[in-house]
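The values are calculated or read from the model by the stated rules, or taken from the named source; none is laboratory data. Computed from a predicted model, the values in this text were never measured in an experiment. So basically every Cβ, Gly included, is an ideal-geometry build from the backbone, and we count neighbours across all protein chains shown. The protein model used for the area step is the full one, side chains on, heavy atoms only, and it has no ligands, DNA or RNA in it. Shrake-Rupley method; radii C 1.70, N 1.55, O 1.52, S 1.80 Å.
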Amino acid sequence: MQKQNRTVYFLCQSALIAAAYAVLTLAAAALGWAYGPIQFRFSEALTILPALTPAAVPGLAVGCFLANLGSPLGPVDWIFGTLATLLAALWSRSLRHIKVRGVPVLAPLPPIICNAAIIGLEIACLGDSGFSMSGFSLAAFLPNALYVGLGELVICYGLGLPLLYILEHVLQKNSHLKTLFPQN
């Protein structure tokens, strides 16, 4: 495949993943599940995609940023949420080769850890006057990290890992789809 075509594929994949992440987050937001300490973002199932394609890394980060533009937490969520998603995507990408029975079972773990830690910190530092590190307390951080992490665990392993399994097996059997998801 020519370099120009690879770039076009990469950009298209990233854009589609960003759009899917944003739309799925907004669907969860409509149910009151997307923002705050208890989150069940359907979009987090997509955080396994870096195990399939490098285009998922920027796609997830951009999608998260776009979705968080609607967050009631405002600019602090744009920064912390996007950072958590970007770090998790990079980390998931690095774990793609660790497989059990052909499935990269550790790929969903980084979003759980990054979101629990970073979003837990974000929520723990929010007060009446906005975000401040001086407002941090371990007593506020631990339950928030636990709630965010549990929501991530349910979505990433309950929806994301089965999605990854299905996608990998579909890609193995369909040579036309393999060209859309080059394994580089």
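Tabulated results
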read-out: Convex hull volume per residue in cubic angstrom - Cα atoms of the range 13-162; value: 95
read-out: Of all accessible heavy-atom area on the range 46-184, the percent that carbon and sulfur account for (1.4 Å); value: 73
read-out: Gain upon complete extension [residue 79, residue 128; 0.36 nm per residue less C-alpha separation]; value: 15.7 nm
read-out: Burial order of peptide ranges 153-160, 119-126, 60-67 (average beta-carbon count within 10 Å, highest first); value: 60-67, 119-126, 153-160
read-out: Where labels lie 7 Å past Cα in the beta-carbon direction, separation of residue 5 and residue 142 in nm; value: 5.7
read-out: In sequence order, calculated HN-Hα J values of the range 3-18 (Karplus, 6.51, -1.76, 1.60; Hz; x Gly/Pro); value: 4, 5, 5, 4, 5, 5, 4, 4, 5, 5, 4, 4, 5, 5, 5, 4
read-out: Area accessible to solvent at residue 96, 1.4 Å probe radius, in Å²; value: 60
read-out: Ordering of 82-91, 69-78 by packing [mean C-beta count within 10 Å, highest first]; value: 82-91, 69-78
read-out: Probe 1.4 Å, protein heavy atoms only - accessible area per residue of the range 8-117 in square angstrom; value: 42
read-out: Full-extension gain in nm, residue 157 to residue 101, via 0.36 nm per residue minus C-alpha separation; value: 18.6 nm
